[in-house]
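Data block below; observations after.
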Number of protein chains: 2
Amino acid sequence: MTSIRQSPKQPEVLRRKLLACTAQLAAEQGINAVTIQAVAAAAGVTKGGLFHHFPSKEKLIEAVFRDQIEQFDGAIEALLADDADTHGCFSRAYINVVLQLSDNPLIAQSLSVISDTALCQIWSDWLRDRLTRHQATDASIELEVIRYAADGYWLADLWKVDSAIRQEREILRLHLINATMKAP
Amino acid sequence: MTSIRQSPKQPEVLRRKLLACTAQLAAEQGINAVTIQAVAAAAGVTKGGLFHHFPSKEKLIEAVFRDQIEQFDGAIEALLADDADTHGCFSRAYINVVLQLSDNPLIAQSLSVISDTALCQIWSDWLRDRLTRHQATDASIELEVIRYAADGYWLADLWKVDSAIRQEREILRLHLINATMKAP
DNA sequence: ATACACATACCGCGCGGTAGGTATGTTGAC
DNA sequence: GTCAACATACCTACCGCGCGGTATGTGTAT
């Protein structure tokens, strides 16, 4: 049988494509739709090709999760570059990034809903690390409330609640952004 | 072969036990551990027995989800009985119930993290219904923020973030309760 | 010639689901 | 009160399929 292999790509390219396809599949069709073969097919590759980059499905999911957090962290760092060492700078950046996640459908952060213990640990570790790192510029309790509210806002987006109460959500969002700028 | 069937139970009893076992299994071992056989075994019954009560796994999960929402709704209604027709009464009740969920490990609300479209719709429908029902006693935007913050608080609990920043969470929680009482 | 980056072909297992059997409870005619 | 007739509430045994994973082949670049 003649091979229909296309021109070889940079290995890192396919790896990133697999990560993206996994995230997209999870976001659009739910986590149950994320199978090895479905991901491979979406990336235009076979299972063998996928397993060349990731040793197991578990590691693939974990890699996607870490990648999502990395993007999230990068967006926060970018904001922190302009607003560092002020009180509550981390929470402000966090809030702004989270509130923008809904706009940005490309980030399939919805994959985060996987209730896997190991993945929770990764997120928990990241958050604790950032909180302790910025504890010198601690936020006020009012700003912390807004940070938690932003998480709730994101959660409502995950659960497609916005389709029911779209305009109320927009009002709330603007209020959160406004309150964030005022709070210390 | 002699049957080892135990004394027959009320049908509704086993049905509720199956719902409870499914929720517990999902909460303790993750959604991946929820298989038909695992649930049946946990309830001390065979697969055949389970399928007598639920036509498919999908329907079982949905039933568990609806049951959880029903319990959640019941707790809110109980609080509304003492505080009805005041401004923001629904949001106040909602906040108090959500903030108590973390204390109460028995409610395996963590099952809600299933990113299934149909389940999201159930939750979305419930919330929209309650919001429109209580729109005559609309809450202030400040109280709405607290309601979203309560969701975020619950989400942090799901992701086991509390293990890292337990005392900060307790402070925040008290602040949320306090602010809820003050807000209109 | 060697290492890499895939493709091909296959395996075993556990899953959701089904078919049919068997105790137990319930009803109603007499 | 008795007993047939039926419905209920499970159990037993089985099936097919799709999944994650493996072993091995093959084209390409250096």
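Compute the length gained on full extension between A:SER56 and A:GLU70: take 0.36 nm times their separation in residues and subtract their Cα-Cα distance, giving the result in nm to one decimal.
Working: separation 14, 0.36 × 14 = 5.04 nm, distance 2.09 nm.
Gain in length upon complete extension: 3.0 nm.
Out of the total accessible area of the protein assembly as shown (probe 1.4 Å, heavy atoms of protein only), what percent is carbon and sulfur? Mind showing how you got there, number by number?
Numbers: 10350 of 19410 Å².
The value for the protein assembly as shown is 53 percent carbon and sulfur by accessible area.
Comparing B:ILE95, B:ILE31, B:ILE171, which has the greatest mean-square fluctuation in the GNM of chain B with Cα pairs linked when under 10 Å apart?
Its mean-square fluctuation being the largest, the pick is B:ILE171.
Rounded to the nearest 100 Å², what is the sum over both chains of accessible area buried where B meets A, with a probe of 1.4 Å? Walk me through the numbers before you get to the answer.
On the way: alone 11260 and 11260 Å², together 19410 Å².
In total, chains B and A hide about 3100 Å² from solvent.
List the distances, in nm to one decimal, from the label point of B:GLN24 to the label points of the same position in every other copy, shortest first, placing each label point 7 Å from Cα along the Cα-to-Cβ direction.
4.3
One decimal, nm, shortest first: give the distances between the label point of A:THR137 and those of the same position in the other copies, each label point 7 Å from Cα along Cα→Cβ.
In ascending order, 4.3 nm.
What does the accessible area of A:HIS87 come to, in Å² to the nearest 10, when a probe of 1.4 Å is used?
The accessible area of A:HIS87 comes to roughly 110 Å².
For each pair in B:LYS57/B:LYS160; B:LYS17/B:LYS57; A:LYS59/A:LYS160; A:LYS17/A:LYS57, compute the distance between the two Cα atoms and list the pairs where it is over 18 Å.
Distance filter (> 18 Å) returns B:LYS57/B:LYS160; A:LYS59/A:LYS160.
One decimal, nm, shortest first: give the distances between the label point of A:HIS87 and those of the same position in the other copies, each label point 7 Å from Cα along Cα→Cβ.
Result, one decimal in nm: 2.9.
Mark the label point 7 Å from the Cα of B:GLU28 along Cα→Cβ and return the residues of the range B:43-64 whose backbone N is within less than 16 Å of it.
B:43-45
Just check the protein assembly as shown against the gyration tensor rule for me: Cα atoms, a ≥ b ≥ c as the square roots of the eigenvalues, rounded for a/c under 1.5, and otherwise prolate or oblate depending on whether a/b exceeds b/c. Don't jump to the answer; show the numbers that get you there.
On the way: a/c = 1.95, a/b = 1.06, b/c = 1.85.
Because a/c hits 1.5 or more and a/b fails to exceed b/c, the protein assembly as shown counts as oblate.
Rolling a 1.4 angstrom probe over the protein chains, ignoring ligands and nucleic acids, what is the accessible area of A:TRP159 in square angstrom, nearest 10?
Roughly 30 Å² of A:TRP159 is accessible to a 1.4 Å probe.
Under a 1.4 Å probe, what is the accessible area of chain B per residue, stated in Å²? Spell out each step's value before the answer.
Values: 9700 Å² over 184 residues.
Heavy-atom SASA per residue in chain B reads 53 Å².
Could you state the number of Å between the C-alpha centres of the range B:129-184 and the range A:131-153?
14
Shape of the range A:119-184 from its Cα gyration tensor (a ≥ b ≥ c, root eigenvalues): rounded if a/c is under 1.5, otherwise prolate when a/b > b/c, or oblate?
On the way: a/c = 4.28, a/b = 1.36, b/c = 3.16.
Oblate.
Name the most mobile residue of B:GLN37, B:GLN24, B:GLN167, meaning the one with the largest mean-square fluctuation, in a Gaussian network model of chain B with Cα contacts below 10 Å.
Of the options given, B:GLN167 has the highest mean-square fluctuation.
The values are calculated or read from the model by the stated rules, or taken from the named source; none is laboratory data. Everything numeric here is computed off the predicted structure, so don't read it as measured data. When we count neighbours, we look across all protein chains shown, and the Cβ atoms used for this are built from the backbone with ideal geometry, even at glycine. Heads up: the accessible areas ignore ligands, DNA and RNA and are worked out on the full protein's heavy atoms, side chains in. Shrake-Rupley method; radii C 1.70, N 1.55, O 1.52, S 1.80 Å.
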